[in-house]
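The values are calculated or read from the model by the stated rules, or taken from the named source; none is laboratory data. Just so it is clear, the structure is predicted and the values come from calculations on it, not from any experiment. For neighbour counting, all protein chains shown are included, and Cβ atoms are generated from backbone atoms with ideal geometry for every residue, glycine included. All accessible areas refer to the heavy atoms of the entire protein, side chains included, with ligands and DNA or RNA removed. Shrake-Rupley method; radii C 1.70, N 1.55, O 1.52, S 1.80 Å.
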Number of protein chains: 2
Amino acid sequence: MSERRPRKDAVRNRAAVLAAADRLFARCESPETVTMADIAEAAGVGKGTLFRAFGDRTGLIQALYAERLEPVRNAVEEGPPPLGPAAPPLERVPALLDALLCFKLDNRHLALALEETGSDSPYQAAHYERWHSTLQAVLERIPGLTDSAFTAHALLAATRADLVEHLVGHQHLPREQLRAHLAAFTARILQPSTASD
Amino acid sequence: MSERRPRKDAVRNRAAVLAAADRLFARCESPETVTMADIAEAAGVGKGTLFRAFGDRTGLIQALYAERLEPVRNAVEEGPPPLGPAAPPLERVPALLDALLCFKLDNRHLALALEETGSDSPYQAAHYERWHSTLQAVLERIPGLTDSAFTAHALLAATRADLVEHLVGHQHLPREQLRAHLAAFTARILQPSTASD
DNA sequence: GTACGATGCGGACCGTGGGTCCGTTTCGTT
DNA sequence: AACGAAACGGACCCACGGTCCGCATCGTAC
């Protein structure tokens, strides 16, 4: 069984490609202006190498995204409160959303690239599924909140990369203000329902 | 000055193209599987005609979308309550969102095509700007609701075409249930804030 | 150190699809 | 009927994602 470990040059090239891709996506306005050939050239490798290592464009972007997301994922899954699992739901939900928002703010170019790359929708991406199920599970523990699945989708939708880009990139909404808005929005959702009687 | 009216054949062809495009988008799974050449052929015109009439792919889809949206837009801008301007804000907001959601449910293929077509983001599209400013204006009249601009964005994000497609198309969530979820979500946002003290 | 698979490399090559160009046709006006 | 303007159509162009395969490099066995 067991995988044989990859050759040294393969490892080096893989890293070079990821670094180059990150650099290029960060530099350019729209991710679609960065072609695979550009990335290969910037990394100093051939196109074939790049496709061999990542399969296709989506694979490359996902790999890059996953790498960057890892610390956050870690903090969410086994870190201390308020992000980690031990936090009480009413604190953890805003913390999760804020963490996700901050990540997207810090990696706008990547998040944009990922969301606009999929054949369709970010809803296929494994990352999304993960965030959604985590968030949904936490929401479920909040009394009075029904529809936790939809609520999770709707809250996550408020942090979508293209919206963030629109607000911060095009309309120059300051980062802190966006965070505050999202926090306020979340708080409204979480506040105990005064539903009918 | 004044524009000279277009030739008859141009009008006929334009209509034929719109009809063909609508048919094709409706039939196929993913809008990206429908090529411009396909549309031209289905409409019985040459590719040049198609591009002359609509400029580019985005233009064609926008034109189609606009045509379909028109009745809704009309109802919003000058129709009777609860959709029209005369409705009290607390009723009009859910009505607006429900109308938009229903439109996207009824025109999933189109909405998807539009959102995934833009060079980037639906936030450039004129239609979005319109919905946003309408919704924001209504939200503004609700006491205790700050951040009306962001709130409008966040609520609209909950109706995004790819999310709708994910829920209804892939997960087979029934239409009425999705409407109910969105209504409940909206109600939570609109409910008077018990904010601190 | 050398020999020799296996693994990886690279860039020429291919197919596809959006968009353009221009000789030809159709319109509508005089 | 005739003529200029407007529109047509499909051959053509090119950028880009993805493939292929002869060649280089790695690491292991001796």
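Odds and ends about this structure:
- Flag if B:A10 is more than 10 Å from DNA strand C (Cβ to nearest atom), more than 12 Å from the chain's Cα centre (by Cα), modelled with pLDDT of 95 or more and not assigned by TED's automatic domain parsing to the domain that holds B:E176: no
- Of all residues in segment A:3-38 being near DNA strand D (Cβ under 8 Å from one of its atoms) and within 22 Å of A:A161 (Cα to Cα), the one that is nearest to the other protein chains (Cβ to nearest Cβ): A:E32
- Of all residues in segment A:56-77 being open to solvent by 20 Å² or more (accessible area, probe 1.4 Å) and either touching a residue at least 60 places away in the same chain (Cβ under 8 Å) or touching a strand residue (DSSP E or B) at 6+ places or on another chain (Cβ under 7 Å) (or both), the one that is farthest from A:A137 (Cα to Cα): A:R57
- A:A16 closer than 30 Å to A:A99 by Cβ and within 16 Å of DNA strand C (Cβ to nearest atom): yes
- Residue list for segment B:22-44, filter: within 18 Å of the chain's Cα centre (by Cα) and hydrophobic (A, V, I, L, M, F, W, C): B:F25, B:A26
- Scanning segment A:22-52 for residues that are farther than 18 Å from A:E115 by Cβ and away from DNA strand C (no atom under 16 Å from the Cβ) yields A:R23, A:R27.
- Residue within segment B:43-52 that is among the β-branched types (V, I, T) and not assigned by TED's automatic domain parsing to the domain that holds B:R141 present: yes
- Any hit, segment A:28-43, residues being in a helix (DSSP H, G or I), in contact with a Phe, Trp or Tyr (Cβ under 7 Å, 6 or more places away or on another chain) and surrounded by 13 or more Cβ atoms within 10 Å (Cβ to Cβ): yes
- Filter result for B:R68 (near DNA strand C (Cβ under 8 Å from one of its atoms), within 19 Å of B:R108 (Cβ to Cβ) and among the charged types (D, E, K, R)): no
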